[in-house]
Every structure is written in C-alpha cells, then in structure tokens.
Amino acid sequence: MLDFPNAKINLGLQIIEKRPDGFHNLESCFYPVQWCDALEVLPAAQNTFTMSGLPVPGDTESNLCLKAYKLLEKAHNLPPVHMHLHKVIPMGAGLGGGSADAAFVLRILNKLFDLNLPTEELQNYARQLGSDCAFFIENKPVIAVERGDVFMPALLDLSGYSCVVVYPGIHITTAEAYAGVTPGKPVCSIEMILKQDIKLWKDIMHNDFEKSLFPKYPELAVLKENLYEAGAVYASMTGSGSAVYGIFKGDTPTNLIFPENYLLWKGLL
C-alpha cells in the first residue's frame, strides 16, 4: 500500500506550563498542509526498511516508522513487511513530518492486515510514539492541548486561502527550542483567537518559540517579515521551527524569491 504522509502547521502555539513528567502543556491549532512524504508498505518474507530523498539523521533502528511497526507487531503478531520511505518534508522544521510518517504506518498496517482498529485505539498507539503523532490519525484541523495529544474540534474555514511554507535549512531540535521558552498562561485562548477575523491574527496570535529563537536565528524574523511584505494576512514560525509560513487570500503570490538552499511548498488550504 502506498500513501503520502503530510506535514502540519501550527496556528498559534502557546506554552502554558511545565508538567511534572518533564513535558509541557501547550495550546495550538494543528492544521494539515499537503507537503508530503511517500510511504510504501508491502507484505514481505522478512522485515526490511529503506529510505530515499532527504537524508534522515540517526540510525535506521531509531526511525519512527520502524517503531510504529514494532508497536503494532507486538500487540497483533503482524507478519513481516517491507517499508520504503521517500523523505520530502524537512526535519527539524516544526512540520511534524516524522510524526506523520509514524502515524501513517499505523494507518496503513491497520488496513493492510484488516486489524479494524478504531480511531481512538490508533491514536493511543500513536501517542506512545510522539506528542503530535496522534493528530495525523484523523489528519484534520484541531485545537491541541496538554502535550499536544488531546484534541478539540477547530471550527475554522480557510477555504479561499493559500499557504507558503519556507524551510531555511536551519535544524532546530525540540530540546533547543524549549530551552529558551518561558511558560505562562495566555491572555486569550487559541479557540477564541480563531473566532476572530483572520486579519486580526497578526496582532493577537503568536508562537511562543519565536521570542527566543528569532534573536538566535535572525534570518527567521526576516523570512516572516518578507512573507508579510508579499501580502500574507498572517505569518508565523510553525512548531518549534525553523519553517515559517504565510497565509494568503486567494492564490499564493508569484513574486516570492528565496535563496536556492531554502525548501519551499505552496498550496491551497
């Protein structure tokens, strides 16, 4: 079976408090975008896992796709498979690409072997793999709270808008991003902000990681400003960075020019 794990962007990201387990409670709107990897899973005589596309750091055994297979294999005695991942979504970008790959492995295995696992059970498996993995099981806009793995419906309609996502080649680890953040109770919830006209988001919706990461990586602040200058109604860094996106009314502009080493995705929301 072949599928295409997609990225997500964060519409606002508020770090509320550090939890006793060392993680953080947060609030954000996760919104899927169609910047996609390609993932194929086939029955095989023995387990194999191969990759192509963008180089993935770390050893193969630590890849979330394999961890997702082993999680279901242990619980449901699955037969061997061959998995091939073609990596397109950049890593260390705040786009959730690795989490999407893992979640899509769970989804594919559920169909391939007729496990008939309900959505909630698949989400519970996904939560064991990463805080935002569970989002990609249903893969629809949500307001994410707690560790980013508890969801409420996001009542917003961005039809008629397009998006540009730009990755400037800066790899920011989650640990680095959280090291500079100061948790605090937000003045206004993401749920309330999303009910406002999108033209107001610029002044009231923020990604808390920008405060510490923009001084450290000033090119990110420049990139955000460039998107506003190009006509974005809202622009922000996504997740813990370093990708920055702009939302545009109608089609994306044709006059956007970025350095050749930047990776770029454009599409409708």
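Worth pointing out:
- For segment 122-216, applying the loop criterion from DSSP together with a ceiling of 16 other beta carbons within 10 Å to the GluC sites (Glu not before Pro) yields Glu146.
- Kirkwood Rh (inverse of mean 1/r, distinct Cα pairs), segment 48-122, angstrom: 13.1 Å
- Taking every C-alpha pair closer than 8 Å and separated by at least 6 residues, the mean separation divided by the residue count of segment 146-223 gives a relative contact order of 35 percent.
- Among residues other than Ser189 with Cβ under 12 Å from its Cβ, the summed charge is 0 (Lys and Arg +1, Asp and Glu -1).
- A cut-off of 5 Å between modelled amide H atoms, ignoring neighbours fewer than 5 places along the same chain, links Ala232 with no other residue.
- Rounded to the nearest Hz, the phi-derived 3J(HN,Hα) couplings of segment 117-131 under the Karplus curve 6.51 cos²θ - 1.76 cosθ + 1.60 (θ = phi - 60°) are 6, x, 3, 4, 5, 4, 5, 5, 5, 4, 4, 6, 9, x, 4, where x marks glycine and proline.
- Count of lysine pairs in segment 99-204 with Cα separation under 30 Å (8 or more residues apart, or interchain): 8
- Under-5 Å amide H pairs with Val150, H placed in peptide plane, nonlocal only: Val145
- Surface composition of the chain: carbon and sulfur make up 53 percent of the accessible area, probe 1.4 Å.
- Accessible area per residue, Å², the chain with all protein chains present, probe 1.4 Å: 46 Å²
- Residue (of Gly169, Leu220, Ala100) at the positive-pole extreme of the chain, dipole from beta-carbon charges: Leu220
- More than 21 Å apart - percent of Cα-Cα pairs taken over segment 187-257: 27 percent
- Listed values for segment 174-183 are Karplus-derived 3J(HN,Hα) couplings in whole Hz (6.51 cos²θ - 1.76 cosθ + 1.60, θ = phi - 60°), namely 4, 4, 4, 5, 6, 4, x, 9, 10, x, and x replaces Gly and Pro.
- Proximity of backbone amide H atoms, modeled 1.01 Å from N, is registered between His82 and Leu42, Ala44, Thr48 at under 5 Å, excluding neighbours fewer than 5 places apart on the same chain.
- In order through segment 205-213: 3J(HN,Hα) via Karplus (6.51 cos²θ - 1.76 cosθ + 1.60), integer Hz, x for Gly, Pro: 10, 9, 9, 4, 6, 4, 4, 9, 7
The values are calculated or read from the model by the stated rules, or taken from the named source; none is laboratory data. Since the structure is predicted, the reported quantities are computational estimates derived from the model, not experimental observations. Please note: Cβ atoms are built from the backbone with ideal geometry, for glycine as well, and neighbour counts cover all protein chains shown. The protein model used for the area step is the full one, side chains on, heavy atoms only, and it has no ligands, DNA or RNA in it. Shrake-Rupley method; radii C 1.70, N 1.55, O 1.52, S 1.80 Å.
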